Each structure stands twice: as C-alpha cells, then as structure tokens.
1. What aspartates and glutamates does K71 reach when the alpha-carbon gap must be under 20 Å and sequence neighbours fewer than 8 apart in one chain are set aside?
2. Apply the Karplus parameterisation 6.51 cos²θ - 1.76 cosθ + 1.60, with θ equal to phi minus 60°, to every residue of the stretch 137-149 and state each ³J(HN,Hα) to the nearest whole Hz, in sequence, with x for glycine and proline.
3. Dipole of the chain (Lys/Arg Cβ +1, Asp/Glu Cβ -1, origin at the Cα centre): which of I141, V55, I22 lies farthest to the positive side?
4. HN-Hα J couplings of the stretch 100-113 from phi, Karplus 6.51/-1.76/1.60, θ = phi - 60°, integer Hz, Gly and Pro as x?
5. When the Kirkwood radius is taken over all Cα pairs of the stretch 94-161, what Stokes-Einstein diffusion coefficient follows at 4 °C and 1.567 mPa s, in µm²/s?
6. At q = 0.08, 0.13, 0.15, 0.20 Å⁻¹, what is the log10 ratio I(q)/I(0) for the chain, with the Debye formula run over Cα points and no solvent?
7. Once Lys and Arg get +1 and Asp and Glu get -1 on their Cβ, which of S153, M1, F120 lies farthest toward the positive end of the dipole of the chain?
8. Given Cβ point charges of +1 (Lys, Arg) and -1 (Asp, Glu) and nothing else, what value in debye, to the nearest 20, does the dipole of the stretch 102-160 about its Cα centre take?
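Only the coordinates and a few stated rules stand behind these numbers; no lab work does. Remember, it's a predicted structure, so these values are computed and weren't measured experimentally. Every residue, glycine as well, gets a Cβ built from its backbone with ideal geometry; the counts of neighbours run over all protein chains shown.
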Amino acid sequence: MKSYKQSAEEINIKFTDGTLSIFPMTDNAVRIRFFRGTQPKDTELIFIRDSQNPVFKVNDSPYAFEVIGSKITVSVAKQSGTLSFADNTGKIFLREKVNSRKLVPDTVSGESCFRAEQSFESPDDEYLFGLGQFQDGHYNIKNITRRLTQVNSQISIPFIY
C-alpha cells in the first residue's frame with residue numbers, strides 16, 4: 001500500500017499495480033473495484049443510491065487499513081494488500097488469498113481491456129452456488145472451473161451465493 005485518499009463516498013487505496021476502491025453502499029454492503037490508471041466512469045445501471053451514504057470510519061493502523069461500517073468491516077493488509085471482510089462482531093467471513101488479485105492487459109475483438117482474476121480462502125465444509133444455469137450436473141460449484149460464456153442453452157450470471 002502506497003497511499004490512500006478518502007472522499008465522502010469512497011476510499012481509494014493506491015498500490016504499485018493499481019488502485020483499490022472501497023465504496024460503502026449500505027450498512028452491510030460494499031462495492032470493491034480494482035483498476036489501473038484513472039477510475040472508469042461507467043453509467044450505473046445496477047446500483048442506484050436512493051438514500052444517504054452509510055456512515056463509515058477509517059482506521060489506519062500499522063498492519064491494516066480498515067473501512068468500518070455499522071455492520072461490516074473491510075480490511076486491507078498493508079504487507080500483502082489482501083482484502084478481508086468481517087461482520088460487526090469482528091468475525092471474518094471472507095478473505096482474499098495472498099497474491100491472487102490479477103489484472104492482466106488483454107484485447108477482445110481488437111478492443112483493449114483487462115482480464116481479471118481473484119481467489120478467496122474457502123473452508124473445507126463450504127458450498128458455493130451460482131454462476132448461472134449450466135447443463136453439466138454441478139450444483140455445488142466449489143472446485144469446479146466455469147467459463148462464463150453465453151451460449152444458446154446455458155445462462156452465465158457472475159454471482160456466487
């Protein structure tokens with residue numbers, strides 16, 4: 001972590017390979033974006049804020065940078081840059097694997113873009129569901145590789161429960 005900048009709506013943390021944006025959406029939800037260069041200004045079609053910004057505070061300790069809301073805390077480890085998410089009791093419910101966040105320059109149909117990759121720690125007894133409707137017979141998709149492409153008889157939805 002090199003530096004951070006806080007506004008009324010979000011916190012941007014600069015790393016050598018990009019910027020991590022933490023955007024509190026509600027008391028128990030945050031939007032995380034990782035980008036290179038300037039932050040993309042997309043037209044928002046999904047997240048429409050119809051209320052005030054949730055209250056959050058920032059804690060900058062020697063080991064971690066934390067964005068603390070009333071029901072969720074997002075921590076960024078200063079040594080590794082990994083993310084972790086905890087509930088309001090401090091129990092971590094999701095943690096990024098070290099060195100798993102990647103943003104690789106690529107092209108699609110001649111247009112410049114990035115190929116994104118990220119991995120999270122997963123307990124042995126965890127089940128993962130989602131990513132759409134597929135005809136391969138897998139309901140629990142833990143340890144299953146899925147290519148999210150749209151075809152005539154399958155539906156890709158980039159959402160995991």
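1. Within the straight-line cut-off, K71 pairs with E9, E10, D27, D50, D60, D87, E96.
2. 3J(HN,Hα) across the stretch 137-149, in whole Hz: x, 8, 9, 7, 9, 4, 6, 9, 8, 10, 9, 8, 10.
3. About the Cα centre, the residue reaching furthest to the positive side is I22.
4. Using θ = phi - 60°, the values come out as 9, 7, 9, 9, 10, x, 8, 9, 10, 6, x, 8, 5, 7 Hz.
5. The Stokes-Einstein estimate is 92 µm²/s.
6. The Debye formula, applied to the Cα set alone, gives -0.28, -0.77, -1.02, -1.51.
7. Result: M1.
8. 220
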